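Single-structure report; data block below.
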Amino acid sequence: IGFAGSLALTVLPGLLRTFRQRFPGVHLDIREMTTAPQIAALHDKTIDIGLLREPPADEAELGFRTVLSEPFVAVLPTTHPLAVQRTVRLAQLSDSPFVLLPRTVGPQLYDQIAGLCTEAGFTPRIAQHAVEWQTVCALVETGLGVSLAPASIRRIRLKGVAFRRIESSKARTRVAVGWRKDDESPLVANLLATVGRDLPDTPRKVRASAVI
């Protein structure tokens with residue numbers, strides 16, 4: 001199973017717990033990978049299941065099923081002037097440098113974030129790239145910039161980081177399970193069936209109403 005690192009905060013724990021309870025004799029090999037490497041690994045059969053964010057829409061050989069939908073939040077250093085507000089407008093971030101994942105590791109998510117900024121009237125000025133959301137938050141804490149991230153990132157507790165709801169934004173990012181359509185393995189079928197259940201501690205939608 002390949003999984004995006006941020007999913008250790010949401011989907012992954014419940015999935016693993018439920019699957020191991022139902023199939024205790026099955027060994028799971030869990031590999032942390034960003035979205036683009038997971039797509040490649042599914043194609044070359046080095047993983048059987050992918051848990052990824054914003055899958056591509058043009059993959060004829062792969063199937064995807066959405067398992068989680070969540071809004072975006074603004075990630076700010078606590079020293080940022082907007083950190084004192086409960087909500088922020090995206091346009092208010094236009095003068096701030098951004099810390100984002102590189103487009104190569106998640107093209108669809110990167111384009112979605114860039115598109116939100118464009119709709120707000122600006123092009124994000126990228127000050128730094130980081131491959132994992134935990135690193136993005138750590139770099140924001142140092143004051144290198146701000147970011148837009150999935151709401152589940154709020155579970156990363158850093159004293160110098162504030163997570164704020166985006167005012168009036170209905171944009172959501174989706175997490176999907178991916179597999180090869182021609183894979184007839186019963187193990188894959190059982191895992192996909194497990195993903196389809198109501199997993200413990202894994203809400204279908206994550207709300208960004210709380211302020212940390």
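Which order, highest average first, do 51-59, 1-9 follow once you tally other Cβ atoms within 10 Å for each residue and take the mean per peptide? Don't skip to the answer; put the middle values down first.
Values: 51-59: 18.1, 1-9: 21.1.
Going from most to least packed, we get 1-9, 51-59.
List the pair-distance distribution P(r) of the chain, using every Cα-Cα distance, as the percent of pairs falling in each 5 Å bin from 0 up to the bin containing the longest distance, rounded to whole percents.
1, 7, 15, 19, 19, 15, 10, 7, 4, 2, 0
Can you tell me the alpha carbon radius of gyration of the range 36-105 divided by the globular rule-of-thumb value 2.2 N^0.38 Å?
Its radius of gyration relative to the 2.2 N^0.38 Å reference: 1.57.
Leaving ligands, DNA and RNA out of it, work out the accessible area of W179 with a 1.4 Å probe and give it in Å² to the nearest 10.
Solvent-accessible area, nearest 10 Å²: 50 Å².
Among DSSP beta bridges whose residues both lie in the chain, state the antiparallel percentage, nearest 5.
65 percent
Could you give the accessible area per residue of the chain, probe 1.4 Å, as a whole number in Å²?
The answer is 48 Å² per residue.
Mind ranking 136-145, 27-36, 106-115 by how tightly packed they are, going by the mean number of other C-beta atoms within 10 angstrom, highest first?
Working: 136-145: 19.9, 27-36: 15.4, 106-115: 18.2.
The most tightly packed comes first, giving 136-145, 106-115, 27-36.
For the pair A60 and V188, what calculated FRET efficiency results from E = 1/(1 + (r/R0)^6), where r is the Cβ-Cβ distance and R0 = 22 Å, to the nearest 0.05?
Using R0 = 22 Å, I get an efficiency of 0.75.
May I ask you to give the percent of accessible area on the chain that is carbon plus sulfur, with a probe radius of 1.4 Å?
Numbers: 5200 of 10230 Å².
Of the solvent-accessible surface of the chain, carbon and sulfur hold 51 percent.
Work out, step by step, the length gained on full extension between Q134 and L116: first 0.36 nm times the residue separation, then minus their alpha carbon distance; give nm to one decimal.
4.3 nm
Once you have the Kirkwood Rh of the range 1-74 from its Cα pairs, apply Stokes-Einstein at 37 °C and 0.692 mPa s and quote D in µm²/s.
The diffusion coefficient I find is 245 µm²/s.
Using helices alone, what [θ] at 222 nm do you get for the chain, with -39,500 (n - 2.57) per DSSP H run of 4 or more residues, divided over all residues and rounded to the nearest 500?
Result for the chain: -7500 deg cm²/dmol, rounded to the nearest 500.
Mean separation of Cα pairs under 8 Å and 6+ residues apart, divided by the residue count of the chain: what relative contact order is that in percent?
Worked out over the chain, it gives 34 percent.
The values are calculated or read from the model by the stated rules, or taken from the named source; none is laboratory data. In this text, all values refer to a predicted model and were calculated from it rather than measured experimentally. All Cβ positions, glycine included, derive from the backbone under ideal geometry; neighbour counts span all protein chains shown. Calculation scope for accessible area: heavy atoms of the full protein, side chains included, ligands and nucleic acids excluded. Shrake-Rupley method; radii C 1.70, N 1.55, O 1.52, S 1.80 Å.
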